[in-house]
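**Q** This structure is in structure tokens; I'll ask about it shortly.
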């Protein structure tokens, strides 16, 4: 217990260090100069648009969270009116849920502030060369990375310190997840509505460049990068990180020798954050100046440091097991391998991107068909990687005693997510330099500066694919351990209800389990479809508005009159807010219905089906989207007859299809899986108490 | 036992009746007149192309089958060199495998003969009106339907009669499946290579009509309809039907009161065939002359007759249970419901098709996005339907005793497939009238005749979507019972090896099961991707050839010189033959690898993952493909500004993407799932004997 207090204290301290470092980076970015008036003006528009959207989004989410918090207070961990129930447990659960949503919102909000600060500064720095511009973009992203990891460590440690019961963490984690689900969906719909509309009207119809200020959708496109890719992605990884730690802690609590295991979870998280801080602090653009290499090599440095530090800790502390270290290391290494495999399918220096570009020369149907096919194939290495790491972690830790095998899997997930601070920094770098590219174009900074900004942007795209593979892999491992957490929650509920027949597993030959599996497998598909249709519908509305502006505003085509940017921002905002709740709610309601029909065993199957098809679809959509995006860039770089060619037109269509795949539906599935798993765990006692066939 | 002999005898007799009726229909079609010389010439070309392809395909498959037969003889049911092994069992298994491949090949071959006979006759009959043309198309298809069901009943009954051991039927079923897998893949790649290339060069680039004789790919396109949609689809449903009966018989054998149950399987199959014969014999185009209604209403008539006949048999025979009748009826009804749901998503009088057409007006990216989204959603009703029918069948039959629950599920599959004779007739009708439409155009039969042919063709497309939903649903239920068959085979193998710890199920919390699930789920995606890429590559080759012909053959554009049809046929043939083996082989090898790594429990998980993601992807691809096809037709009928509009161009791109989805990858997944399940069952003793982690 003393050892745990030590680690809880150090956790809070490390979070403080991360916050301090983030503050330093924030001030560093802030003091970089901006002088170009055009850029300052546009940047302010972007900032304003992003803030407006975030304010309206958070208002809706706050109401949603309030309703859920009341429901949690009334029903969880057990109905508040039940005799013998301790009301403090219900209050604790509700408060920890609110804390989860609040911390997630804060991290997202600050991320946006820094991102909208960094974009203009990086654009202007690009005039001086690629090195300073890279550093501003990267450090702006790192503020977000440090905050997210700091908040998750602080939140988990605080809740456990105060409450002392890990299962209350499920409430905290659910808070983080539910906010992430809606933030990701809302931001994803916003960003792709704008992106798709801007591309279709600008690039395809009018043949004007990507960030041409005459395009009424161009500001919304840049706003979208911030609210979707910065805030949404931050919420997503906050959620994954919290879920991985929480499920590891819930399992650790049920083991013999609890405190050493619980300490180990915190120790690994602390060391992961430290490794990320070192990686961030030392990241620089090397002499040859390749930004992709710079981003990737800081990831590898962080990985190596983490493996060394955790090995040191294992040698140093009593009760820390080398087997657990092994499981965690397997997780991290498989994460890197998944990232490399993703890179193979999406990097434009590798053959697949070139093949899709070549297919585009035969027309858009071939772009789509080859992208879908390679997207399907790209799922294999990641699925095998997750399968192998889960099996290896299990087998490594099985000899330690009952329950340790599952703990090993959860520690593999913690290991995979340990360097998440670094991952988020790389990921948030992307939208920042994407914005910079737009600002450089709109501020008329000249061809050389735009070229540099383009190079930084392209690196962001490549690295984003890698980090996405990483986060999907981690989500896969996390939900396996959440499945374990669900089973132990069910058994607690059975015991509490006076039952004796505990569940020992979920047999696929059991028809209620099978029933759950089939329905669970369909849910991620329906969820994705709802998000894609949301983008589809909104984008059609926005395209109509852009056409209206070009047809009715005299002088817009010639660039003598400004377009009405705010109208487009408003369409994206309203549409995203309307569509962000239904898909998430559908997933939650489906879980509840399956639970009340088939009971806990159907829910176990439901979770499995959800995980399996969710992983498959998430990998497919993220990778094919990245592949199309980079194929388009590859053609634009002058291959297959370059810009304006038949191949280019086809590649742009591929990219447009890929946009909601990779930035709306694909990465939201992660969160959908986690939310559903947590809902199942939280409601387990209700499913035990009542179901038709259970 | 006596009762069983009775039913076996009646089975053979019923098969003979089906063959006789098929012969009558064949002669009836044959005696219809053909006088148009142009049509006779083109029809001969199609016939010749189809025969050449089938000959070359069957040659490759014969070699493949020979290798597998030798392997079966050596290893199955147990290694031939093992002491105490009865060599007759190995011979029986190998022979029944060969019989399965041979009967499947015969059914496919005769189907092609009749189809290539019917197409020209239906085209000419369309000059006299829609009624006679419909009847020729339908009866031509019915020959195939009757043959397939007759052959499967005859084959299963004969093998069981001679060998007396149902597990030998797994060999017969594997023969049917492995041939179906390759015939479906090969035919599917052939047909879509030609279709896609013809559409892209003809409709999109040159703006000439669908079946314009100037297009060098037009004959290959018609050949493709026959080898892919007639022969391939026939092999597919032969396989499903045999697999459903075989797994039901294997489970029946393990039950107490075996013979009544075994008799019941045959009785239901016999009555299904009789119901189909009645349905086929009475099918006519009604007064209002809507061919879709005519096809659908004969399906409903067949369904009603089957339900009545089986109820009568249940009342009549001792040992026939009403519970089993209930399970089988649930299966059949859910099949009809799945069909109706599919219809909702793909019929052009329903809203979804119109929505996709509307989206197409905003450009091809929206066609693709909305089609993908609705395709995803369309999977839900079928998945829920399969889940509910499996659960209901299980719960209905559970009270009958141990093992009966699983038997109930297998009888739900038998019920769903009982009317397969009718289903195939409807399905084969499609490609026949599709050909007729082409022949009417090439034979210059005039606008009114082409319009009639078009109407017949459109009905074929709609009904095809329904029958596809049906066959995917049936495959879903069949593989559940094959999973049960796999488990009982594993336990037999454990007992034979002197083991005592039998497998009672596959727990998803077991890491080897989970390992198998994740990898199994990735396989259908990779399998689909390989087929799509096969089409993609071949079509690019064929498009290049068509461009070459138009550029180098003087007078081709004007229609004064004939194109070199045979060059295109040759490209489609060579490509299809090259690509048809790898995808299927990959699935089989993956099963073997997973089995040797993780043992029987990993294979159990592998089968589950395969079923779940296979069903999801098959439904998604079949339905989105059908949806795109009919959206294009809807636009071509004059909606959204009709032919030549922006929406039309986008809709054609959607249709091109959908072609390999719905006719190559989607329906092949069915067979892939079945083959993998059978391979697992056949090799179970090897997995029990050796595996790394098992």
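**Q** Go through the residues of segment A:686-694 one by one and say whether even a single one is touching a residue at least 40 places away in the same chain (Cβ under 8 Å), more than 14 Å from every other protein chain (Cβ to nearest Cβ) and touching a helix residue (DSSP H, G or I) at 6+ places or on another chain (Cβ under 6 Å). Show your work before the answer.
**A** Quick first cut of segment A:686-694, residues touching a residue at least 40 places away in the same chain (Cβ under 8 Å) only: A:686-694.
Now drop any that are not more than 14 Å from every other protein chain (Cβ to nearest Cβ), which leaves A:686-690.
Going one step further and asking which of them are touching a helix residue (DSSP H, G or I) at 6+ places or on another chain (Cβ under 6 Å), we end up with A:687-688.
Yes, the conditions are met somewhere in segment A:686-694.
**Q** Looking at segment B:134-156, which of its residues are closer than 15 Å to residue B:242 by Cα and crowded, with 24+ Cβ neighbours inside 10 Å? I'd like the intermediate steps shown before the answer.
**A** Pass one, segment B:134-156, residues closer than 15 Å to residue B:242 by Cα: B:145-156.
Hits for segment B:134-156 are B:145, B:146, B:147, B:148, B:149, B:150, B:151, B:152, B:153, B:155, B:156.
**Q** Can you name the condition, by its number, that residue B:497 falls short on among (1) in contact (Cβ under 8 Å) with a residue 60 or more places away in the chain; (2) under 13 Å from residue B:600 (Cα atoms); (3) out of contact with any strand residue (DSSP E or B) (no Cβ under 9 Å at 6 or more places or on another chain); (4) more than 7 Å from every other protein chain (Cβ to nearest Cβ)?
**A** The failed condition is (2).
**Q** I'd like to verify a number: residues in segment B:350-373 that are assigned to a helix (DSSP H, G or I) and either farther than 27 Å from residue A:197 by Cα or within 7 Å of chain A (Cβ to nearest Cβ) (or both), how many?
**A** So the count comes out to 9.
**Q** Restrict the check to segment B:251-274 and report whether at least one residue is modelled with pLDDT of 85 or more, assigned to a helix (DSSP H, G or I) and within 14 Å of chain A (Cβ to nearest Cβ). Talk me through it step by step, then tell me what you get.
**A** As a first pass, look at segment B:251-274 and keep what is modelled with pLDDT of 85 or more: B:251-252, B:261-274.
Next cut, assigned to a helix (DSSP H, G or I) only: B:251-252, B:261-274.
When the remaining residues are screened for being within 14 Å of chain A (Cβ to nearest Cβ), the result is B:251.
Yes, segment B:251-274 has at least one match.
**Q** Right, something else. Any residue in segment B:169-189 that is touching a helix residue (DSSP H, G or I) at 6+ places or on another chain (Cβ under 8 Å), within 18 Å of residue B:569 (Cβ to Cβ) and either within 14 Å of another protein chain (Cβ to nearest Cβ) or surrounded by fewer than 24 Cβ atoms within 10 Å (Cβ to Cβ) (or both)?
**A** yes
**Q** Only one residue in B:614, B:595, B:604 is away from chain A (no Cβ under 14 Å), crowded, with 21+ Cβ neighbours inside 10 Å and over 30 Å from residue B:222 (Cβ atoms). Which one?
**A** Values: B:614 fails: away from chain A (no Cβ under 14 Å); B:604 fails: away from chain A (no Cβ under 14 Å).
Going through B:614, B:595, B:604 in turn, just one is away from chain A (no Cβ under 14 Å), crowded, with 21+ Cβ neighbours inside 10 Å and over 30 Å from residue B:222 (Cβ atoms): B:595.
**Q** Restricting attention to segment A:474-482, does a residue exist that is in a helix (DSSP H, G or I) and more than 31 Å from the chain's Cα centre (by Cα)?
**A** No, the conditions are met nowhere in segment A:474-482.
**Q** So, one more: Here is a list: B:504, B:560. Which entry is surrounded by fewer than 19 Cβ atoms within 10 Å (Cβ to Cβ) and within 8 Å of another protein chain (Cβ to nearest Cβ)? Show your work before the answer.
**A** On the way: B:560 fails: within 8 Å of another protein chain (Cβ to nearest Cβ).
The conditions single out B:504.
**Q** Name every residue in segment B:503-522 that is touching a helix residue (DSSP H, G or I) at 6+ places or on another chain (Cβ under 7 Å) and more than 15 Å from residue A:609 (Cα to Cα), in order of residue number.
**A** Within segment B:503-522, B:503, B:510, B:511, B:512 qualify.
**Q** Let me ask something else. For residue B:526, all conditions in the list (1) at the interface with chain A (Cβ under 7 Å from one of its Cβ atoms); (2) at pLDDT 90 or above; (3) buried (at least 21 other Cβ atoms within 10 Å of the Cβ) hold save one; what is the number of the exception?
**A** Of the numbered conditions (1) at the interface with chain A (Cβ under 7 Å from one of its Cβ atoms); (2) at pLDDT 90 or above; (3) buried (at least 21 other Cβ atoms within 10 Å of the Cβ), the odd one out for residue B:526 is (3).
Results for (1) within 30 Å of residue A:574 (Cβ to Cβ); (2) within 19 Å of the chain's Cα centre (by Cα), shown as yes or no for each residue.
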site	(1), (2)
A:55	yes, no
A:82	no, no
A:92	no, no
A:95	no, no
A:108	yes, yes
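**Q** Which is under 19 Å from the mean Cα position of the chain (by Cα) and modelled with pLDDT of 90 or more, of B:158, B:101? Let's see the steps before the verdict.
**A** Details: B:158 fails: under 19 Å from the mean Cα position of the chain (by Cα).
Checking each option against the conditions leaves just B:101.
**Q** A further question on this structure: Does residue B:643 qualify as being more than 22 Å from residue B:342 (Cα to Cα), within 11 Å of chain A (Cβ to nearest Cβ) and either out of contact with any strand residue (DSSP E or B) (no Cβ under 7 Å at 6 or more places or on another chain) or buried (at least 24 other Cβ atoms within 10 Å of the Cβ) (or both)? Step through it out loud before you land on a result.
**A** Working: more than 22 Å from residue B:342 (Cα to Cα): yes; within 11 Å of chain A (Cβ to nearest Cβ): no; either out of contact with any strand residue (DSSP E or B) (no Cβ under 7 Å at 6 or more places or on another chain) or buried (at least 24 other Cβ atoms within 10 Å of the Cβ) (or both): yes.
Answer is no for this residue.
**Q** One residue is enough: does segment A:382-403 have a residue meeting the conditions at the interface with chain B (Cβ under 9 Å from one of its Cβ atoms), at pLDDT below 90 and surrounded by 24 or more Cβ atoms within 10 Å (Cβ to Cβ)?
**A** No, segment A:382-403 contains no residue that is at the interface with chain B (Cβ under 9 Å from one of its Cβ atoms), at pLDDT below 90 and surrounded by 24 or more Cβ atoms within 10 Å (Cβ to Cβ).
**Q** Is segment B:218-235 home to any residue that is assigned to a loop (DSSP other than H, G, I, E, B) and more than 24 Å from the chain's Cα centre (by Cα)?
**A** No, segment B:218-235 has no match at all.
**Q** Please find, among B:477, B:439, the residue that is touching a helix residue (DSSP H, G or I) at 6+ places or on another chain (Cβ under 6 Å), farther than 30 Å from residue B:243 by Cβ and buried (at least 24 other Cβ atoms within 10 Å of the Cβ).
**A** B:439
**Q** Can you pull out every residue in segment B:529-557 that is farther than 27 Å from residue B:587 by Cβ, more than 8 Å from chain A (Cβ to nearest Cβ) and not in a loop (DSSP other than H, G, I, E, B)?
**A** Once the filter is applied, which keeps residues that are farther than 27 Å from residue B:587 by Cβ, more than 8 Å from chain A (Cβ to nearest Cβ) and not in a loop (DSSP other than H, G, I, E, B), segment B:529-557 yields B:544, B:545, B:546, B:547, B:548, B:549, B:550, B:551, B:552.
**Q** Still on this model: Among the candidates A:280, A:338, single out the residue that is in contact (Cβ under 8 Å) with a residue 60 or more places away in the chain and within 14 Å of another protein chain (Cβ to nearest Cβ).
**A** Result of the check over A:280, A:338: A:338.
The values are calculated or read from the model by the stated rules, or taken from the named source; none is laboratory data. This is a predicted model, so every value here is computed, not measured. Every residue, glycine as well, gets a Cβ built from its backbone with ideal geometry; the counts of neighbours run over all protein chains shown.
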